[in-house]
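Novice: My questions will all concern the structure given below.
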């Protein structure tokens, strides 16, 4: 006997069984009751096991139950039970199912009834799973809300008071912090008022698919079900995937060996195992780094990788500058919470604070508990208030993809006209410490493919991380970021900055904004497709090309390169022109505001007043909240 069956309470079931035994003339030896435990396969049922032991000990020879499914709901378990009863000369008698296994006919009927019972159980299970799947797909996650989320109307939604903690954990881990280092940092800062952060907590957060918007039901079972895009994500799928890659590459090892630029990035060209690193130090104090595979007896100098990597170094440094200066602000602006949501969260936290105060007054909390709970809520309110201020700042600045292209044009011109100042303010690869170089490579490079040419190790390919390359590639495809391409300039082979097609009105806006700082010119040139060269004479008249770009979208117009010529626009500047703005720092720290499209540049040394916005995005706020 166990739980209430068909409206009968346990005492009522017991009474019915006793009446049946009296009718049959059975002597009642004991009662066996697994209350609240299902008869499904796999559940541990203590009293059922005691029943079997009593049968073995010959204390009883007949089991009486209300229904067959009170004993078991599995055909497999039923067959095992039948065998067990036969071996011990025992029988089963059911009140409602009219089953008695003392005869062959009774055994056959019991098998048929068991098949019907299991079929109904499986159909019910299927209906439950379909209902559960529908609920999960609409955001009803049947679990305790993880950090960064909360339940609202039974749906899992972002908790804006704690979501930045999750973002910070992923960012720290992505940038090389180990689980232990993150938990130690959080304990030191008493994040959320806690000093009991553990590395296992950090691991659980980093491995949880919910943070990229997905959910895995039955994760610890043999057949888990994966649901994609069921809740609003806190971090991107690329970031989540990168952190899983980072986990496989052993972040702790990376932290202990930062002096190796490419550790965890190189695999043996023979056996594909991750290479180890070692170094030798000469009497002069100079260190030489090597990578090796013990199994394949392969060893080579780090210089082999450096020589190949040099062609990407300047681009990598520039990449990093663009990412930090523009991508983060743009991403922040794109994904920042709307003001209404933040204001709603602040109101909810204030209400929570009032409830805590009332609970303390009513004696629910001791003073120490009250102060701890109050501090947590006050910190949450402060964080939300900072975000609200940052959102206001984002609305004022309105960074756009065109800002990136404009700033890169201005930097290029600054390099020509204000070279000394530019060099002072620009950090190049040689200015990085070896640890900074390793961190930059760790941040952007996924892995480096090697191959063998004879016995020599050569670099086959460098694979940059998709989470960084993808947004850059998207901007390049849409014309908002440039690349350097080789081109014929007059009779000289050189290189120019090249960007993809932009509509004429957007090109005009960028030129007008540039002219608020510099006297830039615009010209057009013909590109000959078959010869893959330009014909223009800028190399000889002391003008510098800032950037070239197609005047039509030739990727769409001519996908097979059948046209003979393309028309390109050229933005250029005369090198002898001097910078006329009164504050030189403006050219480095600000860009012309798109709302001010009047050309106010003049060659006379007159102070210029332009509409500008800073290129550093609310630095005082982001330092506190990131």
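The values are calculated or read from the model by the stated rules, or taken from the named source; none is laboratory data. As the structure is a prediction and not an experimental result, all values here were calculated from the model. Ideal geometry is used to build each Cβ from the backbone, glycine not excepted, and the neighbour counts take in all protein chains shown.
Novice: With the condition kept exactly as written, say whether any residue in region 420-427 is within 30 Å of residue 307 (Cβ to Cβ), modelled with pLDDT under 80 and not in a helix (DSSP H, G or I).
Specialist: Yes: one or more hits.
Novice: Please indicate, with yes or no, whether at least one residue in region 527-535 is part of a helix (DSSP H, G or I), within 25 Å of residue 415 (Cα to Cα) and modelled with pLDDT under 75.
Specialist: Pass one, region 527-535, residues part of a helix (DSSP H, G or I): none.
So far as region 527-535 goes, no, none of its residues is part of a helix (DSSP H, G or I), within 25 Å of residue 415 (Cα to Cα) and modelled with pLDDT under 75.
Novice: Still on this structure, please answer the following. For region 41-71, how many residues are closer than 20 Å to residue 86 by Cβ and modelled with pLDDT under 85?
Specialist: 2
Novice: Related question: How many of the residues making up region 193-210 are within 16 Å of residue 163 (Cα to Cα) and touching a helix residue (DSSP H, G or I) at 6+ places or on another chain (Cβ under 6 Å)?
Specialist: Qualifying residue count, region 193-210: 4.
Novice: Restricting to region 163-177, name every residue that is crowded, with 20+ Cβ neighbours inside 10 Å and assigned to a loop (DSSP other than H, G, I, E, B).
Specialist: 177
Novice: Just the residues that are in contact (Cβ under 8 Å) with a residue 12 or more places away in the chain and exposed (fewer than 15 other Cβ atoms within 10 Å of the Cβ), please, taken from region 186-198.
Specialist: If the condition is that a residue be in contact (Cβ under 8 Å) with a residue 12 or more places away in the chain and exposed (fewer than 15 other Cβ atoms within 10 Å of the Cβ), then 198 is the only one that fits.
Novice: Given the condition at pLDDT below 80 and either surrounded by fewer than 17 Cβ atoms within 10 Å (Cβ to Cβ) or more than 32 Å from the chain's Cα centre (by Cα) (or both), answer yes or no: does some residue in region 257-266 qualify?
Specialist: Yes, the conditions are met somewhere in region 257-266.
Novice: Could you go through region 309-322 and let me know if any residue there is surrounded by fewer than 12 Cβ atoms within 10 Å (Cβ to Cβ) and part of a loop (DSSP other than H, G, I, E, B).
Specialist: no
Novice: Please find, within region 438-471, the residue that is surrounded by the most Cβ atoms within 10 Å (Cβ to Cβ) out of those that are touching a helix residue (DSSP H, G or I) at 6+ places or on another chain (Cβ under 7 Å) and assigned to a helix (DSSP H, G or I).
Specialist: 442
Novice: Also, I was wondering about something else. Starting from region 141-167, keep only residues that are free of Cβ contacts under 8 Å to residues at least 12 places away in the same chain, then list their pairs with residues that are not in a helix (DSSP H, G or I) whose Cβ atoms are within a distance under 6 Å, requiring at least 6 positions of separation or different chains.
Specialist: Here the result reads 150/159; 151/145, each pair linking region 141-167 to a residue that is not in a helix (DSSP H, G or I).
Novice: Report whether or not residue 237 is out of contact with any strand residue (DSSP E or B) (no Cβ under 7 Å at 6 or more places or on another chain), at pLDDT below 85, closer than 21 Å to residue 449 by Cα and surrounded by 15 or more Cβ atoms within 10 Å (Cβ to Cβ). I'd like the intermediate steps shown before the answer.
Specialist: On the way: out of contact with any strand residue (DSSP E or B) (no Cβ under 7 Å at 6 or more places or on another chain): yes; at pLDDT below 85: yes; closer than 21 Å to residue 449 by Cα: no; surrounded by 15 or more Cβ atoms within 10 Å (Cβ to Cβ): yes.
Criteria not met by residue 237.
Novice: Further question on the same structure: Across region 544-570, what is the number of residues that are under 40 Å from the mean Cα position of the chain (by Cα) and not in a strand (DSSP E or B)?
Specialist: Within region 544-570, residues that are under 40 Å from the mean Cα position of the chain (by Cα) and not in a strand (DSSP E or B) number 11.
Novice: Which of the following residues is at pLDDT 75 or above, surrounded by 13 or more Cβ atoms within 10 Å (Cβ to Cβ) and either out of contact with any helix residue (DSSP H, G or I) (no Cβ under 7 Å at 6 or more places or on another chain) or over 30 Å from residue 517 (Cβ atoms) (or both): 387, 368, 344? Working first, answer last.
Specialist: Working: 387 fails: at pLDDT 75 or above; 368 fails: surrounded by 13 or more Cβ atoms within 10 Å (Cβ to Cβ).
Unique residue meeting the criteria: 344.
Novice: For residue 300, which of the numbered conditions (1) more than 25 Å from the chain's Cα centre (by Cα); (2) assigned to a helix (DSSP H, G or I); (3) at pLDDT 80 or above fails to hold?
Specialist: (2)
Novice: Ok, one more. Using beta carbons and a limit of 6 Å, which pairs, at least six apart or on different chains, have the first residue in region 338-352 and in a helix (DSSP H, G or I) and the second one at pLDDT below 75?
Specialist: Close Cβ pairs (under 6 Å, with a partner that is at pLDDT below 75) amount to 339/391; 342/387; 342/388.
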